[in-house]
Amino acid sequence: MDAESAHSTVFLYGPPGSGKSTVGQALAQALSIPFWDLDEEIENHAEMPVAEIFAIEGEEGFRAREKRMLDLLIGKVIGVVALGGGSLLDPDNHQRVTSAGQILCLDAPVEKLIERLQTQVGKRPLLEEETGSSARQEILTQNLSELMQRRFSHYASFPQIDVSGMTPDEAAWAVQMRLGRFHVSGMGAGYDVLVGPGALDALGVQLRVRNLKGPVALVSDDQVGELYATQAISSLEKAGYEAQTILLPVGEQNKTLESISYLWEAFLQAGLERGSCVIALGGGVVGDLAGFAAATYLRGVPWVAVPTSLLAMADASLGGKTGIDLPQGKNLVGAFHPPALVLSDPQVLATLPETELRSGMAEIVKAAVIGDPQLFELCQQGWQVLRADLGEVVRRGMGVKIRIIQIDPYEKDQRAALNLGHTIGHAIERASGFKLRHGEAVSIGMVVEARLAERMGLAKAGLAGQIASTLQSLELPTSIPAEIDRKLLLETMNLDKKRAAGRVLFALPVQIGEVKTGCEVEDIESFILAG
Ligand SMILES: NC(=O)c1ccc[n+]([C@@H]2O[C@H](COP(=O)([O-])OP(=O)(O)OC[C@H]3O[C@@H](n4cnc5c(N)ncnc54)[C@H](O)[C@@H]3O)[C@@H](O)[C@H]2O)c1
């Protein structure tokens, strides 16, 4: 993602029949942006079908029309464009599309392309010029095979994705995953989530295209601020924003009302008005604080999440929960206040301390167990492999949470799946006197809960072992430390705020990719005391 192209249109390219139009429509709907089919736009403008343009004006005439229409579409607002199958053979078109947005080439086996083209008689003049007879299939096959041979290296020069066995919605999701581009609806006006290297440099442009107003307050903590505030401010200033940095001291102990009060004062001094934007640049603590201050200042101003820890990317920045701790417990005061945008740049993870990265990996494994078997397979390959592919890890981890909060934005039902590992994990974290990090406690919690699921017959034997060995390969703990007092652990669990009508309800794993919520566990006491 670079600052210029990141905000803009998605161009779907590929051979005839690869599904650009169908997938493009589903993608545009998912991203909540307009869709254009280049050939269809040409036809509408010319008031005749492509085949007729070819017959009257030849390929040259068609290509000239194609270039003009592409120019028009590039000049429009953000959208999805399904390109014609040969439109980027022209180097000038190629260059302009590259600088105008993200291109993805849909790939499919030739048999699949033929199968689809069979249903679209008269639309592909380059493939059908000599058809119209019973020999149509052979001619189509021959013409398409020749065309694919000629264009093989051309299509291969673009990032490619094979979505041929998928439904349009599945294909659109695969494209979103690949591009790191999502839209969360269901809470407020909805918001975009952009993931990719270079996203931080695109911050100013991204605010500008969304008409977010200044002056801007960039909230960070001492540690992250020192590393990235200058880069963020420079991006904002380049986009014409007046921006001021507000730094908070590092750490959960500062997730307090005092910090909120400090932020309100700083917002006033920075001249923030209704509509001015707050940016949270940092881990989950900064996100919760800046988001809550934005939710309450002037009865609510927009905020943008720029998560910089793995946990904040995969979890805290998504879903619109903001808040602070009280001496009596974590996150006891807060508000749902969805961000206007989430911008996640995996490059910043290079400076995240290793302990924080590992702790965040527990949340990634949790996401994998809840809803992404492919991510789980990646996690099974261990620490080195994951470190080398943090972009994929972040996109997939965020993808799982995005799908859940879309369905259940206000935690009425399915969102409880995200509590996997947390019912026991929170209690372990507290019973350890917070010596165990959150991720470590969740790691243990996940394994204990998987054992519970096995005991209840909800999961097949072996699931807990599979989850445990994956977590161990990431050097995360998987059993309750001997020094933790089991009775204290049980007491702490009963205090857990996730109690519903006096019962502790669990989200338990059924298999990799499936979790059951609202599970009541009998005789949890003896299980914990024995473990
Ligand atoms: N709102 C939600 O839905 C939600 C969900 C999960 C967790 N949370 C909250 O998130 C918080 C935990 O978040 P966290 O683990 O990110 O903690 P954190 O914000 O304290 O960050 C951890 C540490 O990493 C540092 N750091 C972050 N990014 C860095 C980077 N790129 N380079 C160098 N250092 C970096 C921070 O300065 C800090 O010292 C908790 O308060 C938790 O309650 C909120």
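The values are calculated or read from the model by the stated rules, or taken from the named source; none is laboratory data. Keep in mind it's a predicted model, so treat the numbers as computed, not measured. For neighbour counting, all protein chains shown are included, and Cβ atoms are generated from backbone atoms with ideal geometry for every residue, glycine included. These accessible areas exclude ligands, DNA and RNA; they are computed on the full protein's heavy atoms, side chains included. Shrake-Rupley method; radii C 1.70, N 1.55, O 1.52, S 1.80 Å.
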| query | Using a basic spin-label model with each label point 7 Å from the Cα along Cα→Cβ, how many nm lie between THR256 and ASN494? | reply | 3.1 nm
| remark: One computes Rg over Rh for the chain from alpha-carbon atoms, with the Kirkwood Rh, and obtains 1.03
| said: Taking 0.36 nm per residue of sequence separation and subtracting the Cα-Cα distance, how much length would be gained by fully extending the chain between GLU170 and ARG210, in nm to one decimal? | reply: 11.7 nm
| note | Taking a crude spin-label model, label points 7 Å out from Cα along the C-beta direction, the ARG274 to GLU377 distance in nm is 5.3 nm
| task | May I ask for the distance between the Cα centers of the range 276-346 and the range 52-101, given as a whole number of Å? | result | 42 Å
| query | Which percent, to the nearest 5, of DSSP beta bridges fully inside the chain are antiparallel? | reply | 30 percent
| task | Calculate the all-directions average of the projected area of the range 338-415's alpha-carbon convex hull, and give it in nm². | result | 5.6 nm²
| request: Any chance you could run the full-extension gain for GLU242 through ARG116? It's 0.36 nm times the residue separation minus the Cα-Cα distance, nm to one decimal. | output: 40.1 nm
| query | Tell me, what is a quarter of the convex hull surface for the C-alpha atoms of the range 440-498, in nm² with one decimal? | reply | 4.7 nm²
| said: Using Cα-Cα distances under 8 Å and only pairs 6 or more residues apart, what relative contact order does the chain have, in percent? | reply: 11 percent
| remark: Sorted largest first, the C-alpha extents of the range 146-207 along its principal axes in whole angstrom are 50, 30, 14
| request: Please list, in chain and number order, the residues 5+ apart from VAL304 or on another chain whose amide H is under 5 Å from its amide H, with Hs placed from the backbone. | output: VAL278, ILE279, ALA280, ALA340
| query | Hey, what does the equivalent ellipsoid look like for the range 425-531, semi-axes from the Cα gyration tensor as sqrt of 5 times each eigenvalue, largest first, whole Å? | reply | 20, 18, 12
| said: If you average the C-alpha positions of the range 252-268 and of the range 429-496 separately, how far apart do those two centres end up, in angstrom? | reply: 34 Å
| request: Treating the Cα atoms of the range 258-351 as identical point scatterers in vacuum, please give the log10 of the normalised Debye intensity I(q)/I(0) at q = 0.18, 0.21 Å⁻¹, two decimals. | output: -0.75, -0.99
| note | Per-residue ellipticity at 222 nm attributable to helices in the chain (runs of n ≥ 4 DSSP H, -39500 (n - 2.57) apiece, nearest 500 deg cm²/dmol) works out to -15000 deg cm²/dmol
| message | Compute and list, largest first, the equivalent-ellipsoid semi-axes of the range 284-410 from the alpha carbon gyration tensor, each √(5λ) rounded to a whole angstrom. | response | 27, 15, 14
| remark: Computed over all unlike Cα pairs, the Kirkwood hydrodynamic radius of the range 56-117 in Å stands at 13.2 Å
| request: Please give the length that would be gained between LYS76 and ARG455 if that part of the chain were fully extended, namely 0.36 nm times their separation in residues minus their C-alpha to C-alpha distance (nm, one decimal). | output: 130.7 nm
| task | Leaving ligands, DNA and RNA out of it, report the carbon-plus-sulfur percent of the accessible area of the chain at a 1.4 Å probe. | result | 51 percent
| request: Assuming R0 = 51 Å, can you tell me the calculated FRET efficiency for the pair SER99 and LYS435, based on Cβ-Cβ distance, to the nearest 0.05? | output: 0.50
